[in-house]
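The values are calculated or read from the model by the stated rules, or taken from the named source; none is laboratory data. Here the structure is a predicted model, which is why all the values come from computation and not from measurement. Note that we place each Cβ from the backbone using ideal geometry, even for glycine, and neighbour counts take in every protein chain shown. Side chains are part of the model used for accessible areas, which takes the heavy atoms of the whole protein and leaves out ligands, DNA and RNA. Shrake-Rupley method; radii C 1.70, N 1.55, O 1.52, S 1.80 Å.
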Amino acid sequence: MQFIADYMVALSQWIQTSTPLPTFALWLQKQWYSDGIAKTPYAIPVLQTIHTLAVAMIITAILMITLRVFMVAGKSRTLAQTLHRFAPWIWWCLLVCFVTGWLLAIGEPPRDMTNPAFWTKMVVVPIAALIALGIQTSMTKNIVSWEAAATHRGIVAQVVSVLFILLWLVIMALGRWIAYVPT
Ligand code: HEM
């Protein structure tokens, strides 16, 4: 864990000394829309709640597809039916996370815009979204082989699924750490 703390401190110092983000955050904080979010009663907690619920839906949808790949749950449906049912939730909730997340960041600029956990997350989220798109496209195009891999408990499909879930858990941890890392 020490290397994560060292990384966060180093990135935080770099953001403070080598980027325009601290100045930008102070400028943004003076804008009417940032002030509006910050001063609107319940705006931040409501945005955080919607954000957290969307996060829960993303993780649940990914988990339901993974449990079907592992043939642990959803065996009464084909993998194609499972994908069709849960994949749209990933994309719509990612859109909700994007909108609520940026509204939170605009409403609390010094807290988020100079935050090493926030910017690390902003690098990992697009990577995870691209991997999600890649896996979904592969599953859609090669559903027969994915179904066979699931039925025969193919190790590759299982490893890909586990690594994918771990990636989203890292994003969740980064989101939670935003409130705690030094800025
Ligand atoms: C897509 C763009 C996203 C942006 C711009 C964003 C931004 C933010 C911001 C600003 C916060 C508030 C931090 C705070 O004030 O404490 C936050 C919290 C959080 N985010 Fe995101 N986020 C995004 C996507 C995601 C995704 C995809 C996940 C996970 C799948 C996620 C998980 C979390 C979690 C777990 C928290 C902590 C919530 C809490 O306990 O208050 N975020 N995010």
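The rows are residues; the columns are (1) open to solvent by 80 Å² or more (accessible area, probe 1.4 Å); (2) out of contact with any Cys (no Cβ under 6 Å at 6 or more places or on another chain); (3) of a type in the set (G, A, S).
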| position | (1), (2), (3) |
| --- | --- |
| A5 | no, yes, yes |
| W27 | yes, yes, no |
| S34 | no, yes, yes |
| T40 | no, yes, no |
| T49 | no, yes, no |
| I65 | no, yes, no |
| R68 | no, yes, no |
| S76 | yes, yes, yes |
| T82 | no, yes, no |
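Being open to solvent by 30 Å² or more (accessible area, probe 1.4 Å), within 16 Å of the ligand (Cβ to nearest atom), over 14 Å from the mean Cα position of the chain (by Cα) and not charged (D, E, K, R) holds for only one residue in P110, P126, and it is P110. Only a single item in (1) in contact (Cβ under 8 Å) with a residue 24 or more places away in the chain; (2) more than 16 Å from the ligand (Cβ to nearest atom) is not met by G134, and it is number (1). V181 falls short on exactly one of the conditions (1) near the ligand (Cβ under 9 Å from one of its atoms); (2) under 19 Å from the mean Cα position of the chain (by Cα); (3) within 30 Å of S18 (Cα to Cα), and that condition is (1). The residues on offer are L174, L166, and the sole one that is more than 21 Å from T78 (Cβ to Cβ) and surrounded by 15 or more Cβ atoms within 10 Å (Cβ to Cβ) is L174.
Is it fair to say S161 is open to solvent by 40 Å² or more (accessible area, probe 1.4 Å), away from the ligand (no atom under 11 Å from the Cβ) and small (G, A, S)? So S161 fails the test.
Here's the yes/no breakdown for (1) in contact (Cβ under 8 Å) with a residue 60 or more places away in the chain; (2) part of a helix (DSSP H, G or I):
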| site | (1), (2) |
| --- | --- |
| M57 | no, yes |
| I62 | yes, yes |
| R68 | yes, yes |
| M71 | yes, no |
| R77 | no, no |
| Q81 | no, yes |
| A87 | no, yes |
| I90 | no, yes |
| C97 | no, yes |
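With respect to the stated conditions, T100 fails to be touching a Gly at 6+ places or on another chain (Cβ under 7 Å) and surrounded by 19 or more Cβ atoms within 10 Å (Cβ to Cβ). Selection over region 84-107 of residues that are near the ligand (Cβ under 9 Å from one of its atoms) and not β-branched (V, I, T) gives a count of 11.
Here is a list: A150, A173. Which entry is at pLDDT below 85 and part of a helix (DSSP H, G or I)?
A150
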